[in-house]
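Report on the following structure.
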Amino acid sequence: MGFTKKISADEARRCPQCAQPVCLQGCPLGIDIPGFIRLLRESDAVSALERIKKDNPFPAICGRVCPAPCENACIFHEEGSPIAIRALERYAADFGHKPNSRIKTVIKSNGKKVAIVGSGPSAMMAASFLLKAGLNVVMFEAANQPGGVLRYGIPEFRLPQHILEGQFEELQSQGLELHTNIFVGRMKSLEELARTFDALLLATGSSLPNFVSMQGEHLVGVYYAEEFLMRLQVLSKANVLSCAGDLIRGTRTVVIGKGYAALDAARMAVRLGQQVHWVFGGLEEEMGLSNYDLKESLEEGINIQAPFEALKIMGDPQGLVEGVQCHPLEIVEGLGGLSLYPSKEGPIVFEAQTVILANGQKANSFLATMTPQLKVNSNGHFWIDEKTSMTSLEKVFAVASAVAGSMTVVEAFAGGKAVAKQIMEYLK
Ligand code: SF4
């Protein structure tokens, strides 16, 4: 649930407007946080939204799915009550539109053309800044709908699809040319695109899971979080979520890992009637979640087992999952800080018919395989010159997860913003 006008004004008034606002250091997009909160104090959502959009054209998305590192930086974070910056951003995004503000005129083109391969958060952000600079931007997406992880990796209850669709409508109203169902590398080569465009951006994300080496990982009922979420998104789009019973057996699920993919998978499992244990081999504060999201997951009934080390996935003679053996860990304070050791209690088993593994993702190497001149790192990500973000191919840039593996949505947005500036510099 988003904030009401009153709650948003009250929360904005709680912000002390620090002389040296440390929250600014937390936002990868450089949003003027005290500035937009000051406007919300005066209940001026329209100006607050304008202020945010100077640095972030997608506040309706960040206001819902950003892990809010700005709140971790807030001076009230230590005492557990940071200013709810993310929720305030969402309020401004939802209620700050002027009537007809979505109807935009296409910005006059300067004649330069940029192709973007991929349509996830880094691609969207780069497109937004390139369009504003007057470039022609053409986006190629392999799937039948755009958005990448925002479309297929984040459940509807966290990011409603109509919000994403609205953002693409806005980009298209600014001149974006979007082509879906185009698999660059197979249906169009990079060389072909390079002949037509002045610059190319590879924003192909990281679509392959980092496989976990654990006994029982191949049993029936074991999924990787991203695959699990994608299948459910496809089922829900087809209005056949009732078929999710084929995906998830029994009544108990164990999620192993950390981060937002683990959280979303756990929350989806709860919505499908599962009793969920979430096993993580570190401290709760190392799970990569905002305080708010952690609290919400507990309220929804997810049993967080941390620190617990998952030892093996257990199966029955038919090869079906029947549980996860875990060892509780003890926190021991030593000279070098805190360490975790297996407790004397010995291993325990969480019964489960479904296990979801969340261990991050890596880039799909297909495009690199089809384009041998494109240099990749040992982990399969595109190599780039750190100063320019250009790959080993002239005029071809790469960004975000395609270069660095799993990252949060706001980090990918920030990558898109930075690479847009580098492309503009190159095209000067
Ligand atoms: S984008 Fe994320 S980090 Fe930046 S102000 Fe919004 S919630 Fe905070």
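The set of residues from segment 373-409 being aliphatic (A, V, I, L, M) and touching a helix residue (DSSP H, G or I) at 6+ places or on another chain (Cβ under 6 Å) comprises LEU374, VAL376, ILE384, VAL399, ALA400, MET407, VAL409. Suppose we keep only residues that are touching a strand residue (DSSP E or B) at 6+ places or on another chain (Cβ under 8 Å) and on the phi < 0 side of the Ramachandran plot within segment 402-421. Which one would you say is surrounded by the fewest Cβ atoms within 10 Å (Cβ to Cβ)? Only one residue tops the list, namely SER406.
Which residue, of LEU49, LEU29, is of a type in the set (A, V, I, L, M, F, W, C) and either outside any loop (DSSP other than H, G, I, E, B) or in the same structural domain as GLU170 (by TED's automatic domain parsing) (or both)?
Numbers: LEU29 fails: either outside any loop (DSSP other than H, G, I, E, B) or in the same structural domain as GLU170 (by TED's automatic domain parsing) (or both).
Every option except LEU49 fails the conditions.
Count of segment 1-47 residues, restricted to those that are away from the ligand (no atom under 16 Å from the Cβ) and among the small types (Gly, Ala, Ser), is 4.
So, ALA266, is that one outside the structural domain of VAL349 (by TED's automatic domain parsing) and under 21 Å from the mean Cα position of the chain (by Cα) or not? Show your work before the answer.
Details: outside the structural domain of VAL349 (by TED's automatic domain parsing): no; under 21 Å from the mean Cα position of the chain (by Cα): yes.
For ALA266, the condition - outside the structural domain of VAL349 (by TED's automatic domain parsing) and under 21 Å from the mean Cα position of the chain (by Cα) - is not met.
Hey, any hits in segment 9-32 for a residue that's in contact with a Phe, Trp or Tyr (Cβ under 7 Å, 6 or more places away or on another chain) and either farther than 30 Å from GLY148 by Cβ or at pLDDT below 95 (or both)?
First pass over segment 9-32, keeping only residues in contact with a Phe, Trp or Tyr (Cβ under 7 Å, 6 or more places away or on another chain): 11, 29.
In the following step, the residues that additionally are either farther than 30 Å from GLY148 by Cβ or at pLDDT below 95 (or both) were identified as 11.
Yes - at least one qualifying residue is present in segment 9-32.
Would segment 122-131 turn up any residue that is assigned to a loop (DSSP other than H, G, I, E, B) and not acidic (Asp, Glu)?
Let us first name the residues in segment 122-131 that are assigned to a loop (DSSP other than H, G, I, E, B), namely none.
Scanning segment 122-131 turns up no residue that is assigned to a loop (DSSP other than H, G, I, E, B) and not acidic (Asp, Glu).
Can you confirm whether segment 52-73 contains a residue that is within 11 Å of the ligand (Cβ to nearest atom), among the polar types (S, T, N, Q) and closer than 22 Å to LYS295 by Cα? Yes, the conditions are met somewhere in segment 52-73.
The values are calculated or read from the model by the stated rules, or taken from the named source; none is laboratory data. Nothing here was measured: the structure is a model prediction, and the numbers come from that model. A quick note on method: Cβ atoms are made from the backbone with ideal geometry, for glycine too, and the neighbour counts reach across all protein chains shown.
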